[in-house]
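Asks: Have a look at this one.
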Amino acid sequence: MEYISTRNKKQSYSFKEIFLRGLAPDGGLFIPKEIKRLDESKIEKLSQLSYIDLATEIISYFCSPELEKDKLHDLIKKSYKNFLTNDIVKIKKVGDINLIELYHGPTLAFKDIAMQVLGNMYDEFNITSKKKINIIVATSGDTGSAAISAFNDRKNINVFVLHPHNKISNIQRKIMTTIGSNNIYNIALKGSFDDCQNLVKEMFSDNSFREKINMSGVNSINWARIVCQVVYYFFSYFKFQNKKVTYAVPTGNFGDVFAGYVAKKMGLPIEKLVVATNENDILERVINTGLYKPAKVKPSLSPSMDVQISSNFERLLFDVLNEDDKQVSTFMSDLKSKGSFLLNKEQVSIIKKNFSAKKISDKETIEIIKNFSKEHNFVLDPHTATAVGASKLIKDTSEILVLGTAHPYKFLETIKVATSQEVDAPKQIAHLMDKKEKYDILEKKVDKIKNYIIDKIT
Ligand SMILES: *Cc1c(COP(=O)(O)O)cnc(C)c1O
């Protein structure tokens, strides 16, 4: 498959190139040149497959011919061997909601599903055989741990993770900082997740620095992650075939829900994608009003959604603007210079055909967790709770599928407030609490971060 940038569709790239680069050289996001609809008989065939076989078909659609199907199949199988469930994801009916639990991987959030595959793709592409690479990743709490688990102790790879200092949960931090491997560096940045993400983007756009350290990225702007997430939309849809299906998705950087949109473009008849946000409601506002205007990030009970610059939205924008790369570039430079851009009515109505958006406050999140626990004896994590809340606000006759993005144990403090209950530590991290943490606190200055990285790798 050929890829282009949302800001320049003249130049095309291979899957391997976009996988390695993460972000396009013009600052845009990579996107397939064309997403072809699968015909009904093909979709019917896919519906018979196991998760691993389905993942092979879907991922292969995006990375052939560079990765052969047989090799890809082995790679995917290897990637999911540490998941504590046979089908990788679990689908449960709880009340009138169908919950898709995506958090049975090694770090208890859906980020593992893509990240474990990415880890093995680096090996498969022989990327590290000649020269050491340095992966720099910004995290709002879960991407970092997933990356650390996927790249821990891999040869010729260092991982630098920037998380916002004191703005993630204790368990989220501990999973990252107790790993103790020599190739993992944790940076607690004095700032927000947006600051972390901006710094990473700034380093990526600095060509000489990027080349000097042989920099690579695995944030959700990396298309390979989206591709792995398309799989569970197909997999779960097939359990409800012949019904109208709506997905409610807890959203921050718009990656996971965009994967649902990709599935829809591939022909999966999804009725609606419900974007659930916390009080960092940039996506709720742009979808309902057309004005994309980031506000200051507020720390919330669902820290992995504390995002105001929702990077993957640019991919939807490109689509909604009929692939007008010039217009995307203009909007993005307006965003930089004026702090916002405005979509017209027609553009908003195109978005609304596919998406609804609802904001759930912290107070509501607590209520949702509390009531859900009382009514169904089931503990939701705060992120998943926003999607459960959002799904109740939608007047829709479809079957509702909620993406469960994290295990509640990761957010113990909040769960205790909401339910006065303890949550048992899942197997994956039972021994975490006794281990020593290691991280460095740094200011949000790009030069300081660059010097830190260079100091560590030389
Ligand atoms: C990352 C994350 C999200 C948001 O996903 P995006 O792809 O950034 O929209 C939601 N919930 C949890 C638990 C997460 O870790």
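The values are calculated or read from the model by the stated rules, or taken from the named source; none is laboratory data. Please read these numbers as outputs of a predicted model, since none were measured by experiment. Counting neighbours? That spans all protein chains shown, and the Cβs are built from the backbone with ideal geometry, glycine included. The protein model used for the area step is the full one, side chains on, heavy atoms only, and it has no ligands, DNA or RNA in it. Shrake-Rupley method; radii C 1.70, N 1.55, O 1.52, S 1.80 Å.
Asks: Please name which of LEU335, LEU317, PRO299 has its Cα lying farthest along the dipole of the range 291-339 towards the positive end, using unit charges on Cβ (Lys, Arg +1; Asp, Glu -1) and the Cα centre as origin.
Replies: Highest projection toward the positive end goes to PRO299.
Asks: So, one more: Using the Karplus curve 6.51 cos²θ - 1.76 cosθ + 1.60 with θ = phi - 60°, work out ³J(HN,Hα) for each residue of the range 435-441 in order, rounded to whole Hz, and write x for Gly and Pro.
Replies: Computed from phi, the couplings for the range 435-441 are 7, 7, 8, 9, 7, 10, 8 Hz.
Asks: How many nm separate the modelled label positions at GLU202 and ASN156, each set 7 Å beyond the Cα in the direction of the Cβ?
Replies: Here the modelled spin labels are 3.2 nm apart.
Asks: Run down the aspartates and glutamates and flag those whose C-alpha is under 14 Å from the C-alpha of LYS69, throwing out any fewer than 8 positions away in its chain.
Replies: Partners within reach: ASP53, GLU57, GLU124.
Asks: Which aspartates and glutamates does LYS92 reach when only Cα atoms under 16 Å apart count, and residues fewer than 8 places away in its own chain are ignored?
Replies: Answer for LYS92, where 16 Å is the Cα cut-off: GLU101, GLU375, ASP381, GLU399, listed by chain and number.
Asks: Also, quick follow-up: Exceeding 32 Å between C-alpha atoms, which entries from my cross-link table qualify? They are LYS90/LYS353; LYS78/LYS450; LYS243/LYS298.
Replies: Correct reply: LYS78/LYS450; LYS243/LYS298.
Asks: As a test of reading the structure, rank GLU34, GLU284, GLU413 by solvent-accessible area (1.4 Å probe, protein chains only), most first.
Replies: Sorted by accessible area, descending: GLU34, GLU413, GLU284.
Asks: List the residues whose amide H sits under 5 Å from the amide H of GLY191, counting only those 5 or more places along or on another chain, with H placed 1.01 Å from N in the peptide plane.
Replies: HIS165
Asks: Just to verify a number: FRET efficiency for PHE240 and HIS431, C-beta to C-beta distance, R0 = 41 Å, to 0.05?
Replies: Numbers: r = 38 Å, r/R0 = 0.93.
Computed FRET efficiency for PHE240 and HIS431: 0.60.
Asks: Express as a percent, rounded to the nearest 5, the fraction of DSSP beta bridges in the chain (both residues included) that run antiparallel.
Replies: Of the beta bridges lying entirely in the chain, close to 25 percent run antiparallel.
Asks: Note down the relative contact order for the chain as a percent, whole number, built from C-alpha pairs under 8 angstrom at least six residues apart.
Replies: Values: 892 pairs, mean separation 88.1, N = 458.
Computed over the chain, the figure is 19 percent.
Asks: To continue, here is another question. Between GLU323 and ILE52, what is the label-point separation in nm under the 7 Å Cα-to-beta-carbon projection?
Replies: Inter-label distance under the simple model: 3.7 nm.
Asks: Still on this model: Distance between the C-alpha centers of the range 412-457 and the range 84-160? Whole Å please.
Replies: 16
Asks: Still on this model: Count neighbours as other Cβ atoms within 10 Å of each site's Cβ, and list the trypsin sites (Lys or Arg not before Pro) in the range 9-106 that are DSSP loop with at most 16 such neighbours.
Replies: Answer by residue number: LYS33, LYS36, ARG37, LYS81.
Asks: Hey, another quick one. What trypsin sites (Lys or Arg not before Pro) in the range 379-458 are in a loop by DSSP, with at most 16 other Cβ atoms within 10 Å of the Cβ?
Replies: LYS395, LYS435, LYS436, LYS438, LYS445
Asks: Under the Kirkwood approximation for Rh and a Cα-based Rg, what ratio Rg/Rh is obtained for the range 14-99?
Replies: 1.04
Asks: Follow-up question, since we're still on this one. Give me a comma-separated list of calculated 3J(HN,Hα) values for the range 90-106, in order, Karplus coefficients 6.51, -1.76, 1.60 applied at θ = phi - 60°, integers in Hz, x for any Gly or Pro.
Replies: After applying 6.51 cos²θ - 1.76 cosθ + 1.60, I find 10, 10, 10, 8, 10, x, 9, 10, 9, 9, 9, 7, 9, 10, 9, x, x Hz.
Asks: Another question, if that's okay. Rounded to the nearest 500 deg cm²/dmol, what is the calculated helix-only ellipticity per residue at 222 nm for the chain, with -39500 (n - 2.57) per DSSP H run of length n ≥ 4?
Replies: Details: 19 runs with 202 residues, N = 458.
Value at 222 nm, helices only: -13000 deg cm²/dmol.
Asks: Could you name the lysines whose alpha carbon sits less than 17 Å from that of LYS296, not counting residues in the same chain fewer than 8 places away?
Replies: Partners found: LYS167, LYS190, LYS336, LYS338, LYS359, LYS444.
Asks: When the convex hull of the Cα atoms of the range 104-185 is projected onto a plane and the area is averaged over all directions, what value comes out in nm²?
Replies: 5.0
Asks: Same structure again: Please identify which residues in the range 9-49 have an amide N closer than 15 Å to a label point set 7 Å out from the Cα of LYS71, following the Cα→Cβ vector.
Replies: What the label zone holds, given the 15 Å backbone N cut-off, is 15-17, 19-20.
Asks: Please work out the ratio of the alpha-carbon Rg of the chain to 2.2 N^0.38 Å and round it to two decimals.
Replies: Rounded to two decimals, the normalised Rg is 0.91.
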